[in-house]
Amino acid sequence: MAPPPPPPPAALMIEELVEEVLIRLPPTEPASLVRAAVVCKPWCRLISGACFRRRFREFHRAPPLLGLLCSSLFTGKDADIARFVPTTAFCSPPASRRHCRAIDARPGRVLLQYYWGANVLVVWDPITGDHQEIPGPNQPGHTFSWTAAILCAGAATAGTCDHLDCYRGPFLVVFMGFCSERAFICTYSSDAGTWSDKIYTDQPEEFVISASKALVGNVLYFEFKKSGTALRYDLELHEMSVMGLPPTHSTGYGGAVLFATEDGALGFATVREFKLYMWSRKDGHGTQVDAGWTQSRVIELETLLRSNSISASPAVVGVTDGIGVIILRRNELLFTIDLKSCEVKKLSKDRFMYNALPYMSFYTPALGAACTGEGSSTGSAGA
């Protein structure tokens, strides 16, 4: 049978115009793409296609904040729960993992640890529910504090990955811990399926590892809570160094977080007495506390939060990389502030919550057979 004739030029032009409109739908509202996909079969095929997903990510560049991965501590059979708290109308069905705590989140992936102490880490996609268990590294004796980060394999070499389409590709896990008053790092490669040899650096006695960490280019930063310092790890050179944090570094209730700024610098945020202090620093190896840091912004929070009946200063628990949304907590209340629009959103109340990580990812529907009318939809997938 001869193939069907190509569509007339006018039809192709209309399809191109439709695509140009649809890629401009806001990525922060994934439901709008789903609604557009059910308008007609041609739109459904267009939106479900790999080409459209790639163009959608390229157009918007920075993945949106879809929610927070919150770890809550319970007693009894539930133990720890890693729970997805949506920041938009979107919420995926497999939205929690029992007996786990969230350690790190990068676009499309979350790194979990089993609560019961098994030396196993879990790489999890909270949108699809896909997960992969990996063995933890052999830790030196007396390792009493550690954290880890999940990265795409291209993060090891600056400029080799735009992080728009790597969420299902090879990944790295960077494990950092303390042993005998020294910090050590080793990395796991999903391609090799093994951990690298450990490298060590000296570190002052006052160290408590924070959940805060940031990736800037191919350099990963880990914050220490008490010493006013951070560990800088070059993924390409496999070198570590200790650097100072800004002089307003808070060791108290106001919290402190590292993040990547929109212009590719290292950012730092902390709250003191209802004021949000934000700093930035271009990469360097200075070890002085204030070397290279520039105060970029001070925001009065009391006016912004007055309508939320917050009577005491909140704590900063996270800042999204590159899109300017800060996550604050006051007792049981969790909320976000858009630093561009100053919009405040209440998210959740949970008196057992002890950790909240921003989850940023593109989401476009994968409607499968629904595009052709040959059956029910095969579901949805993150992208």
Worksheet, complete the sentence: Going through region 232-243 in order, the residues found to be crowded, with 21+ Cβ neighbours inside 10 Å and at pLDDT below 90 are MET243
Worksheet item: How about region 244-290: which of its residues are modelled with pLDDT under 75, among the polar types (S, T, N, Q) and surrounded by 14 or more Cβ atoms within 10 Å (Cβ to Cβ)?
Response: THR248, SER250, THR251
Worksheet, complete the sentence: By residue number, the members of region 175-191 that are closer than 23 Å to ALA105 by Cβ and surrounded by fewer than 17 Cβ atoms within 10 Å (Cβ to Cβ) are SER189, SER190, ASP191
Worksheet entry | For ARG101: the one exception among (1) outside any loop (DSSP other than H, G, I, E, B); (2) under 21 Å from CYS152 (Cβ atoms); (3) at pLDDT below 85 | (2)
Item to complete: Among the residues of region 208-228, count how many are at pLDDT below 85 and either buried (at least 17 other Cβ atoms within 10 Å of the Cβ) or part of a strand (DSSP E or B) (or both).
Response: 8
Worksheet item: Is it fair to say PHE59 is loosely packed, with under 15 Cβ neighbours inside 10 Å, in a helix (DSSP H, G or I) and either in contact with a Lys or Arg (Cβ under 6 Å, 6 or more places away or on another chain) or modelled with pLDDT of 75 or more (or both)?
Response: yes
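Looking for whichever is modelled with pLDDT under 75, of a type in the set (Gly, Ala, Ser) and farther than 17 Å from SER227 by Cα here; the options are GLY169, GLY159, GLY193. Which one fits?
The conditions single out GLY159.
The values are calculated or read from the model by the stated rules, or taken from the named source; none is laboratory data. Keep in mind that this is a model prediction, so the values were computed, not measured. Positions of Cβ are backbone-derived with ideal geometry, glycine not excepted, and every protein chain shown enters the neighbour counts.
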